[in-house]
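The next block holds one structure in the form of structure tokens; read it before the comments.
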Amino acid sequence: MAAINGSHHAERNSPLRVLIVGAGIGGLTAAVALRRQGHDVEIFEQSKLAQETGAAIHLAPNANGLLRRLGLNVENIGGVECVGVIECLPHNNQVKYEVDNTKFAKMWQHAWYLVHRAHLHTALKNMAIDTDGFGKPAKLQVASRVKTVNAQNASIGLEDGTTIQADVVIGADGVHSMARANIPGGDLSPFDSGKSAFRFLIPTDTLASDPMTAGPTSKLGYLTMWIAEDRRVVMYPCSNNTMMNFVAIHPSRESEADVTGEGWQESASKARMLDIYKAFAPEVRAILEKAEDPKVWKLLDMKQMPTFIHEKLAVLGDAAHPFLPHQGQGGAQALEDAVVLAAVLPLGTKPSDIPERLQVYEQCRYERAHRIQNFTREAGLDAAEMATLGKKLDMHEYQAYNFGHDAWDFSTNALRKHLNTKDTALRFRAPIELGASPGPRRPLGLHPQSEALRLLRQSTPERARTYSVKFRTSQTYVQNLLPSGFAFTSPATVVSASLMCTTLSGMTWLGGGGYSHFGLYLHGVNYTKRDGSKVFGTYMPLLFEDLTDPIITGRDEVGMPKLFADIDVRPDGEQGCKILLVWRGVRFGELDICGLTKEQPVVNGVSLEQPHRGPGTPPAPPETGRFHYRYVPTVGEPGKTDAEYAVFVPNAAPEEGAEPPTNFVTKSASFSFDGKDWQSLPTLHHITSWLAAMPCLGVEEGRLTQSVGVTDISNARRLE
């Protein structure tokens, strides 16, 4: 069983203490699954558990797949694949129809198996308590009757007066559940559905050796049914085809003289059974004659509980939703319940989170369990009842819904969605069905303020190395890059712009790797909001990057105008650098810086700039951040947008104790662009040709800035 969610960095997690009331198939499956999740599990069973009662059980694809995920291949415990279904007419044993399941088996990821219940129970018990296997072995306490359950503090009280405290309690104590009554609305009693069932096993050889009974058992792996108006006999193999399991369903009133209780092991009168099926074909009666010590079992139903959970208590299986046997899904649904509980309680779940996690369990199970419960009731209706209700059985619908589900996959996805709603730091982009994504500049699975992330960045510092050339250019040319709402603050026709190339390294979200980006930045720009107020900053109309991941995160989540280009950064120590912009081998841009010298820092924070005096335009207000413009076109409607607005990234304040950046400056810097043509730059020519025509009215400075620590741009915001 795989982990629920991928995690960037494993942290030490404490196991939960789990108490399970009941050691039936559902309870033991929950113990196995929760053990594999790393939890401490203790099971309390009121019987001595000498042997599981009952006969055989269906493990349809939805159940068999879960057991295989837990490590149990049921063919190794005598499971028989159900390769076909035959219905015979009850009065003459003639075949009404035959279905070859092997023709449809490829639709399902897992096969449909028929297994002796006792063999399955023993295998699950061993998997739960053996020292071999994943996780810590569960503790199994037999002859331990639980008398009380406290849902609020997750404790149970035993018959001997012992109280046991845990983090969560699971009620798996069957149709007569005591745990269920501790859930609001759970004080429900099961009632007689109107049908009972004889149950018994007959060795296959016994049937095959008698010519009267050999025919119905000649096809190995087949489930055979004889269905009359208000009664039926169902036969299927188990135990490596050495035993045939029988369920003979009939009106309860006809066998009620034999029923003194509501358990599975009520002894029945063979004579009464033969009388109930006296109208059936001689071959069927001959089979029933061979039954030794048949049992009769009153088929119980129950009204729908309003909820399966309360605080730190959850119920599963028959304790939550008793099933009639007409579709063989009762055991399967208990398995699904158990696996979902384990899925929503992975290692690392905090005790305080348990009530919410149990809500996820209910969301995964409540509707599905009850829908299959209703399917099963319909499948057990007599023909006259179906006609009265105006219903028609659609076994294909039932089977598709029952078989086409994996409770683990479904619930792990449900938990992932739940956890995503709890973590506001997560980022989402297509494909959203696969959950949150890393970035921008954030590793997936680690909160930006987490200690684990701080330690990672401490061990491998994230560094930035930025080369820039600041130059003067024509406002009348570059102002065409400004969307509506933006303008240069100064009326001058000469404005400042910069070409900046930053190389990032040691980036945690990239596994310690890095990348480069190269952009154009227009200084002295303001944005006028609808209320007339202004925001001042630098506008970035264009940014090239040389790695797909930051391009996607930057465009999708921050709205930046990013494009791909290979960026070849060739530093000359701390003296200078040559930077080449290339697309598929075609060079279209170059930036050169040389003669860098270390800039002297401002002493005691005192600026040498003088206040503005005399005629001329006053200096623009300080630039408080960086603008760009988000534009998302509408699919299939050219010229229309799904989103179009201004974005502002305020200047980030230096972190406390952070190492100050180191700056080098020079007056020796230059740049050039070559627009090429459409053949050589088919996706960039309209951009490169504009860059090539951009006037350079003089270089102001070249600069190198080296810093430790990289902002994750989480302060980016829509302006309005």
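The values are calculated or read from the model by the stated rules, or taken from the named source; none is laboratory data. Remember, it's a predicted structure, so these values are computed and weren't measured experimentally. Methodologically, a virtual Cβ is constructed for each residue, glycine included, from the backbone with ideal geometry; neighbour enumeration extends over all protein chains shown.
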For this session: Mind listing whichever residues of the stretch 269-311 are surrounded by fewer than 17 Cβ atoms within 10 Å (Cβ to Cβ), of a type in the set (A, V, I, L, M, F, W, C) and either in contact with a Leu (Cβ under 6 Å, 6 or more places away or on another chain) or under 17 Å from residue 196 (Cα atoms) (or both)?
Result: 271, 274
Problem set entry | Criterion (crowded, with 21+ Cβ neighbours inside 10 Å, among the basic types (Lys, Arg) and within 30 Å of the chain's Cα centre (by Cα)) met by exactly one of 180, 199 | 180
Exercise. Going through the stretch 483-510 one residue at a time, which ones are in contact with a His (Cβ under 9 Å, 6 or more places away or on another chain) and not in a strand (DSSP E or B)?
Worked result: 508, 509
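Each row is one residue, and each column tells you yes or no for (1) basic (Lys, Arg); (2) outside the structural domain of residue 339 (by the TED database); (3) touching a Ser or Thr at 6+ places or on another chain (Cβ under 8 Å).
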site: 396; (1), (2), (3): no, no, no
site: 405; (1), (2), (3): no, no, no
site: 428; (1), (2), (3): no, yes, yes
site: 454; (1), (2), (3): yes, yes, no
Exercise. Could you count how many residues in the stretch 125-159 are farther than 21 Å from residue 344 by Cα, out of contact with any helix residue (DSSP H, G or I) (no Cβ under 9 Å at 6 or more places or on another chain) and in contact (Cβ under 8 Å) with a residue 12 or more places away in the chain?
Worked result: 8
Exercise. Among the residues of the stretch 583-621, which ones are modelled with pLDDT of 90 or more, part of a loop (DSSP other than H, G, I, E, B) and within 24 Å of residue 654 (Cα to Cα)?
Worked result: 599
For this session: Kindly indicate which of 646, 716, 669, 658 is of a type in the set (A, V, I, L, M) and without any contact (Cβ under 8 Å) to a residue 60 or more places away in the chain.
Result: 658
For this session: Mind listing just one residue for me: the one in the stretch 429-446 that is surrounded by fewer than 13 Cβ atoms within 10 Å (Cβ to Cβ) and not β-branched (Val, Ile, Thr) and, of those, nearest to residue 559 (Cα to Cα)?
Result: 430
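What about residue 418, is it in contact (Cβ under 8 Å) with a residue 24 or more places away in the chain and over 25 Å from residue 552 (Cβ atoms)?
Yes, satisfied.
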Seminar exercise, completed: Of all strands (runs of 3 or more DSSP E) fully inside the stretch 107-208, the set with 1 or more residues that are β-branched (Val, Ile, Thr) and within 29 Å of residue 255 (Cα to Cα) is 113-116, 191-203
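In this structure, does residue 314 turn out to be in a strand (DSSP E or B) and not polar (S, T, N, Q)?
Yes; evaluated as a whole, the condition is true for this residue.
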Exercise. Surrounded by 14 or more Cβ atoms within 10 Å (Cβ to Cβ) and in contact with a Leu (Cβ under 9 Å, 6 or more places away or on another chain), is that true of residue 407?
Worked result: yes
Exercise. In the stretch 375-400, which residue that is surrounded by 15 or more Cβ atoms within 10 Å (Cβ to Cβ) and either outside any helix (DSSP H, G or I) or of a type in the set (Ser, Thr, Tyr) (or both) is modelled with the lowest pLDDT?
Worked result: 382
For this session: Could you please let me know if residue 560 is in contact (Cβ under 8 Å) with a residue 60 or more places away in the chain, in contact with an Asp or Glu (Cβ under 6 Å, 6 or more places away or on another chain) and not charged (D, E, K, R)?
Result: no
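Kindly indicate whether any position in the stretch 326-347 is over 30 Å from residue 88 (Cβ atoms), surrounded by fewer than 23 Cβ atoms within 10 Å (Cβ to Cβ) and under 27 Å from the mean Cα position of the chain (by Cα).
yes
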Exercise. If you take the residues in the stretch 447-472 that are touching a Leu at 6+ places or on another chain (Cβ under 6 Å) and at pLDDT 80 or above, which one is surrounded by the fewest Cβ atoms within 10 Å (Cβ to Cβ)?
Worked result: 472
For this session: Have a look at 711, 641, 705, 683 and point out the one that is under 19 Å from residue 569 (Cβ atoms) and surrounded by fewer than 18 Cβ atoms within 10 Å (Cβ to Cβ).
Result: 705
For this session: Would you mind finding the one in 524, 514 that is more than 20 Å from residue 687 (Cβ to Cβ), outside any helix (DSSP H, G or I) and over 41 Å from the mean Cα position of the chain (by Cα)?
Result: 524
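State all residues of the stretch 661-720 that are charged (D, E, K, R) and either more than 47 Å from the chain's Cα centre (by Cα) or under 28 Å from residue 506 (Cα atoms) (or both); if no residue qualifies, say none.
Hits for the stretch 661-720 are 667, 674, 676, 677, 700, 701, 703, 712, 717.
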Seminar exercise, completed: Counting only residues in the stretch 527-557 that are more than 24 Å from residue 476 (Cα to Cα) and crowded, with 22+ Cβ neighbours inside 10 Å, the one farthest from the chain's Cα centre (by Cα) is identified as 545
Exercise. What number of residues within the stretch 252-266 are modelled with pLDDT of 80 or more, of a type in the set (S, T, N, Q) and surrounded by fewer than 18 Cβ atoms within 10 Å (Cβ to Cβ)?
Worked result: 1
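Could you look through the stretch 414-439, keep only residues that are among the small types (Gly, Ala, Ser) and under 20 Å from residue 507 (Cα atoms), and pick out the one that is modelled with the lowest pLDDT? If you could, list the steps in order and put the result at the bottom.
Step one: list which residues in the stretch 414-439 are among the small types (Gly, Ala, Ser), which gives 414, 425, 430, 435-437, 439.
Those still in the list that are under 20 Å from residue 507 (Cα atoms) too: 425, 436-437, 439.
Details: 425: 75, 436: 78, 437: 82, 439: 78.
Here the answer is 425.
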For this session: Could you run through the stretch 182-219 and say how many residues are closer than 19 Å to residue 117 by Cα and among the hydrophobic types (A, V, I, L, M, F, W, C)?
Result: 5
